[in-house]
Amino acid sequence: MNAHLPLLEIRNLSKSYGAVKAVNDVSIHIDRGEIAGLIGPNGSGKSTFFDCSTGLARPDTGTVILDGQDITGWSLNRIAREGRMLRSFQKTVTFKSLDAEENLVIAGQMFTFPSIAATFGLGKLSRSRIEGLRERARELIKMAGLWDVRHQPAGNLSGGQQKLIQFASMLMPEPKLILLDEPMAGINPKIIERVVDTILYANKSLGVSFLVIEHNIDVVTSICQRVVVLDQGSKLVEGLAHDIIQDQRVREAYLGG
Amino acid sequence: MSLTETVPQARRRDLRIPLAVVLIVVALAAPYIGSRYVTHSLIIALIFMLPAHGLNLLVGYTGLLSLAQAAFFGIGAYTAGLLAVNYGTPFYVNLIAAALVSGAAALPLGIPALRLRSTSFVMCTLGFVIIGQAIAKNWVSVTRGDMGLSSIPKPYFELGPLSFTVSGTTNFYYLALAVGVLATLAVWAIVRSPAGRNMVAIRENETLAESLGVPTWHYKLIVFMISAMFAGVGGCLYAHYLTVVSPLTFQMYYSTTMLIIVLGGGAGMISGTVFGSLLFVGLTEALRVAPEVRMIAYGACLLVLVFWFKQGFAPLINRFWNAIGGVK
Ligand SMILES: Nc1ncnc2c1ncn2[C@@H]1O[C@H](COP(=O)(O)OP(=O)(O)OP(=O)(O)O)[C@@H](O)[C@H]1O
Ligand SMILES: [Mg+2]
């Protein structure tokens, strides 16, 4: 559908919190199959931009078009469910008292059951749907390297392991687009590699497009083709990752910020 | 190498099935084992177990603290009482009507209340009980005001050519037990379903659940209505058992009792609610014969809970259950 259009197109998005212009008239697009980066100094509005694109916050102005459909004003759950655009949170979150498998099954449920009413079912169909989700969950758990800790409550795992659960959860529903908010922050280099591999796998084999906020510039240059730079809520520049890191304005923004 | 590794653990016999059989037999034979007063206490425990089951779905599984259960309990009691008094309808009609009316009443109340954040939500639900009482007092043409409804007939069944009336404490006990067992199975089915898993997801982290496509607002509203339906069923039994319903049915004391059952028994565990009803209602009702001891025992029980069993008694029950099953 609409193969010639960008997968996600955001036009003139603005959002203020009181006197703070967190996001100021930002437009970007993500192409099909692309891994794009979103960088900028602390407080430059990257997370707010995510919140407004995914329905967690309401933009003051601007339009969000996903796969040719205007989804501005849709709720977070509807954008996830019907738009298949998922997002992670900067502060790692999991369902802490549940194990990895349950975490992933929850992530897949609303994409497998056709209605809320159907989720109250306990019949054969319902059981086989859940069994299907469990199988997929186990595969992803293996791939994420969490097999040995799969029966532990997620809250007992390390921050990096919880990040992996969060990431694997987003792959459950066969998403079109995933927005990652600092997937590498606070995790050790070994897990960084695993997360990078998983992102590349999801991109190449599952056809998922990505928009990634990341402060680790090596990661950005190694996985992102195109990078958008935000500074004080506005788009500073946009271009190929290698050019961006050489850009004088970007260097100044980071040093000045 | 430690000893436990070399010596295979002697697996103890599974005592769970014998214990379950004993419990079932005791439940069935209770009226013949204990005095009439014990049977009465058990009936009260079973009646309060119903709104507590509903509350457990809300507090224990979905993470929403509500004090509105007494309001829906009262609505159910008045619905059943009015039907029975005015139209002499059979028990199951009253029961279904009580559940439906209470559930329906939860819709307009839940829509604004569930938009509020945690503490405001609690205050709002508290308001429902007060409003319920005010309506019961002042809508005199229907509710008969402070006089309330009296001489509510005994539960009456009409099954084809067969019709009978449930009279006497013993028979009422079996009716309450049947309703209680069915309700417990219904709760079990709900929490085992995929929806039950979504409820837990909302309790654990609502925003995360939302970001994974779970329409949390709809689930919260549905669970609020289901929990009200359970309360309505409890109210129906209450009306038929006490044969009187007055505005005092809407009282905060009932809401707090239901909350103590759930939290004390162990929120988010079905066995906790069953046990909590027996302990906090059955026991205090049974201790009514010794009023000096009663409130002290109740208070002591709560203190023990707060200091030693923060999760309620259910984890203890689970450990015991696993232990006699030879697990670990
Ligand atoms: N919910 C909110 N209420 C008030 N102000 C907010 C809120 N969210 C963000 N802000 C403000 O908006 C600005 C942008 O914040 P945002 O979190 O989007 O930046 P960021 O680029 O993600 O930063 P970081 O790299 O530190 O995560 C900041 O000045 C922040 O204080
Ligand atoms: Mg941020």
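Data for the structure
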{"quantity": "Extreme residue, farthest from ligand 1 (Cβ to nearest atom), among residues of the range A:171-207 that are within 14 Å of another protein chain (Cβ to nearest Cβ) and charged (D, E, K, R)", "calculated": "A:Glu174"}
{"quantity": "Residue selected from the range B:172-195 under the condition among the aromatic types (Phe, Trp, Tyr) and away from every other protein chain (no Cβ under 14 Å), by the criterion most open to solvent (accessible area, probe 1.4 Å)", "calculated": "B:Tyr174"}
{"quantity": "Pick from the range A:47-57, criterion touching a residue at least 40 places away in the same chain (Cβ under 8 Å) and in contact with a helix residue (DSSP H, G or I) (Cβ under 8 Å, 6 or more places away or on another chain), ranking: farthest from ligand 1 (Cβ to nearest atom)", "calculated": "A:Thr54"}
{"quantity": "Pick from the range A:171-186, criterion more than 12 Å from A:Ile199 (Cα to Cα) and more than 16 Å from ligand 2 (Cβ to nearest atom), ranking: most open to solvent (accessible area, probe 1.4 Å)", "calculated": "A:Glu174"}
{"quantity": "Qualifying position, being facing another protein chain (nearest Cβ under 9 Å), buried (at least 23 other Cβ atoms within 10 Å of the Cβ) and in a helix (DSSP H, G or I), among A:Ala168, A:Ala118, A:Ala80, A:Ala137", "calculated": "A:Ala80"}
{"quantity": "Pairs with Cβ under 9 Å, 6+ apart, first in the range B:282-311 and of a type in the set (A, V, I, L, M), second in a loop (DSSP other than H, G, I, E, B) and surrounded by 16 or more Cβ atoms within 10 Å (Cβ to Cβ)", "calculated": "B:Leu305/B:Gly312; B:Leu305/B:Phe313"}
{"quantity": "Filter result for A:Gln90 (within 13 Å of ligand 1 (Cβ to nearest atom) and either open to solvent by less than 20 Å² (accessible area, probe 1.4 Å) or closer than 22 Å to B:Ser211 by Cβ (or both))", "calculated": "yes"}
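Each row is one residue, and each column tells you yes or no for (1) within 30 Å of A:Ala19 (Cβ to Cβ); (2) among the aliphatic types (A, V, I, L, M); (3) surrounded by fewer than 21 Cβ atoms within 10 Å (Cβ to Cβ).
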residue	(1), (2), (3)
A:Leu200	no, yes, yes
A:Asn203	no, no, yes
A:Val212	yes, yes, no
A:His215	yes, no, yes
A:Val220	no, yes, no
A:Ile223	no, yes, yes
A:Arg226	no, no, yes
A:Gly233	yes, no, no
A:Glu238	yes, no, yes
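Residues checked against (1) within 17 Å of the chain's Cα centre (by Cα); (2) away from every other protein chain (no Cβ under 14 Å); (3) free of Cβ contacts under 8 Å to residues at least 60 places away in the same chain:
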position	(1), (2), (3)
A:Thr72	no, yes, yes
A:Leu104	yes, no, no
A:Met110	no, no, no
A:Ile130	no, no, yes
A:Leu133	no, no, yes
A:Gln152	no, yes, yes
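The values are calculated or read from the model by the stated rules, or taken from the named source; none is laboratory data. Keep in mind the model is a prediction, meaning the values are calculated, not measured. Ideal geometry is used to build each Cβ from the backbone, glycine not excepted, and the neighbour counts take in all protein chains shown. Just so you know, the surface numbers come from the protein's heavy atoms only, side chains and all, with ligands and any DNA or RNA stripped out. Shrake-Rupley method; radii C 1.70, N 1.55, O 1.52, S 1.80 Å.
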